[in-house]
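Undergrad: Before anything else, here's the structure in question.
Please treat every number below as a calculation from the coordinates, not as lab data. Just so it is clear, the model here is predicted, and its values are computed rather than measured. FYI the Cβ positions are ideal-geometry reconstructions off the backbone, even for glycines, and counts take in every protein chain you see.
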Amino acid sequence: MMRKLLLLTLIFLNFSVLPADAAEKKVVIDRLTQSEAEDLDIEIPDDVPPGFHSITIEVYDDNGTVSQKEIEFCKDEKGVVQWDNKCPNLNLDEEPAPVDPEPVRAIELGLQPYDPLSDPETTKGLHLAAFAALAALTSIKRNSKQSDDEQDQESLQSVSSGALKLLKNEPGKGDLSSTWDNRFTDETDFAFVSVSHRFNRFSPLLTRTIQDGNTVRAMIGSWAALLMPIGLILGIAAVVNTGGQSLPPVWSIVAMIMAVAIFDAFAGFVAGFVFFLAALVTGNITNRPELLTTIGVMVLFFAPALLASAFRPFRRLVRNQDDKWERITDYALGTLLTFWVIAKMVAAMNGLARLELPITEYGTELAFWAAGLLLIRVALEDIAVEHYPMRLRALHVEVRKPSQSQKVRSLVFKIFVFFIMAAPFVGSTLNLVLGTLIFAIPQITSLSLEDNLPKKKLYLPKGVFKTVVMVFVMALASNMIEGAFSSPEAFLKWSFVVMALPGFILHYLDAITDTPETDWKTTEKGRKIYRIGGVVVFILMVLVVKGVDIASWLVG
């Protein structure tokens with residue numbers, strides 16, 4: 001104890017004091033010796049990689065005022081910490097990853113720092129899943145542009161939504177029943193339709209989000225409006241649970257908000273907006289990790305249903321065997337893809353926050369929960385399409401096709417969000433810029449430059465089959481380049497760039513593909529191939545979701 005007191009006295013003697021009339025004192029500590037570091041019980045975790053680093057020393061005076069000083073040190077190739085910051089033999093082949101400040105309140109709660117580049121398996125899986133999902137959503141948006149009954153949808157950091165179509169014109173049994181004819185139904189219907197029209201002027205995505213709850217509103221009328229205050233209350237509960245900090249609440253609160261959002265995405269949006277606003281107002285969004293974590297939590301709250309509808313349509317009129325097969329596919333693949341996306345979104349939280357968050361331990365539970373609720377949601381859609389078509393029509397607001405300037409603004413925002421969300425998982429500015437450019441160029445050219453490209457008859461993978469192909473190609477390319485790098489960190493940085501290339505290539509192949517006059521799936525032979533292939537694709541997708549490296553599994 002006496003040695004520590006003497007050492008602290010020695011440190012205070014190194015303080016540089018301002019003139020006598022100054023209002024405060026500042027600590028000026030240039031570096032520590034090895035013995036001083038040991039006496040102060042300063043320990044550097046073993047997982048800190050070799051390189052040049054820094055820590056912050058805090059000293060409290062008699063008045064409780066804290067003074068801080070950043071101390072630089074280095075860790076040599078043998079893992080020895082050099083407090084004089086001299087490591088002449090240290091050879092860093094790659095530029096150091098940017099260090100984001102960690103949320104102070106989070107550290108006080110005992111959360112451990114997390115570096116995505118030190119967890120290569122998880123980060124590689126996130127790279128792969130993100131680019132595969134983006135490619136699938138891009139394909140869906142291109143198909144919707146070619147269709148007359150679906151509108152282009154705005155997207156927000158990979159949150160895309162599928163169109164909710166009107167399929168029947170005759171009243172159904174539900175329309176003629178009293179299940180929806182409750183007090184205040186006319187008023188709530190008018191309110192939601194009015195808000196949809198108002199948002200339709202500037203944001204197709206928000207309009208689609210409001211329209212998401214029309215199925216429940218069509219079936220139970222004004223009772224469905226209770227989802228709004230429930231979402232508000234759950235959003236407040238999330239704020240209270242985290243103390244307004246930019247951290248995910250406990251998984252049970254997340255599960256309840258997701259349950260509300262599966263049936264009405266706008267209610268989930270209300271919860272997410274309350275959470276984001278509280279973190280902003282209370283001053284808990286002060287750096288990039290806190291901002292990205294808050295955005296990630298908000299998207300997790302309201303996006304599951306929108307993402308699921310982008311992969312497979314929620315509404316389908318079943319009139320023949322082909323329709324039945326497609327509807328079975330909607331249930332199977334929609335559920336599977338929802339499970340996959342939610343699991344990956346939860347797994348990404350550590351990287352966004354740069355902290356080891358408790359919620360990531362419940363990613364599988366939340367994914368199962370969302371997938372199970374989605375089954376119920378799609379079943380309700382079948383009931384509504386068949387029995388409540390007039391109620392759906394009364395509540396429906398056609399999402400206005402965005403103008404060219406609106407598309408440009410949306411695209412700029414999407415590229416910006418892609419850049420900042422990918423940054424924690426890449427580390428290198430050069431690789432981040434290259435990957436973002438490969439992602440952005442096809443999005444930019446798709447605005448108008450691709451319309452007059454010469455068309456060829458090509459047979460390219462579509463839908464979920466395209467996702468499986470993308471996963472296979474990206475995993476194969478990643479495995480091929482992995483041996484060329486001396487460290488996992490360097491591999492992950494260039495893997496991000498390599499994984500962006502298959503989507504880039506497929507985009508332009510898709511752009512020059514001529515739409516066939518007849519659908520091959522409607523022929524007798526094509527129907528059999530399509531169904532057998534669909535089963536195979538589903539099995540492969542199950543393997544992907546389970547984390548099987550299908551490239552090594554099939555090739556090896």
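Undergrad: So, R0 is 30 Å and r is the distance between the beta-carbons of Phe190 and Gln404; what FRET efficiency does that work out to, to 0.05?
TA: 0.40
Undergrad: Using a basic spin-label model with each label point 7 Å from the Cα along Cα→Cβ, how many nm lie between Asp451 and Val548?
TA: 4.5 nm
Undergrad: At what distance in nm do the modelled label points of Val81 and Thr522 sit from each other, each positioned 7 Å from its Cα along Cα→Cβ?
TA: 7.1 nm
Undergrad: Can you check what the Kirkwood hydrodynamic radius comes to for the stretch 185-397, Cα pairs only, in Å to one decimal?
TA: Numbers: mean 1/r = 0.0565 Å⁻¹.
For the stretch 185-397, the Kirkwood estimate is 17.7 Å.
Undergrad: Suppose R0 equals 25 Å; then what is the FRET efficiency for Asp47 and Met480 from their Cβ-Cβ distance, rounded to the nearest 0.05?
TA: Calculated value: 0.35.
Undergrad: On a C-alpha basis, how far is the centre of the stretch 256-319 from the centre of the stretch 488-532 in Å? Whole number, if you could?
TA: Taking the Cα centre of the stretch 488-532 as reference, the centre of the stretch 256-319 is 29 Å away.
Undergrad: Let me ask something else. Under a Cβ-Cβ cut-off of 12 Å, what is the net charge of the residues other than Glu524 that fall near it, where Lys and Arg count +1 and Asp and Glu count -1?
TA: That works out to +4.
Undergrad: Given a cut-off of 20 Å, name the pairs among Lys324/Lys456; Lys124/Lys493; Lys124/Lys344; Lys466/Lys493 whose C-alpha atoms lie farther apart than that in the structure shown.
TA: Among Lys324/Lys456; Lys124/Lys493; Lys124/Lys344; Lys466/Lys493, the Cα-Cα distance tops 20 Å for Lys324/Lys456; Lys466/Lys493.
Undergrad: So if R0 is 25 Å, what FRET efficiency would Ala394 and Asp323 give, r being the distance between their Cβ atoms, rounded to the nearest 0.05? Let's see the in-between values first.
TA: Working: r = 25 Å, r/R0 = 1.01.
Calculated transfer efficiency: 0.50.
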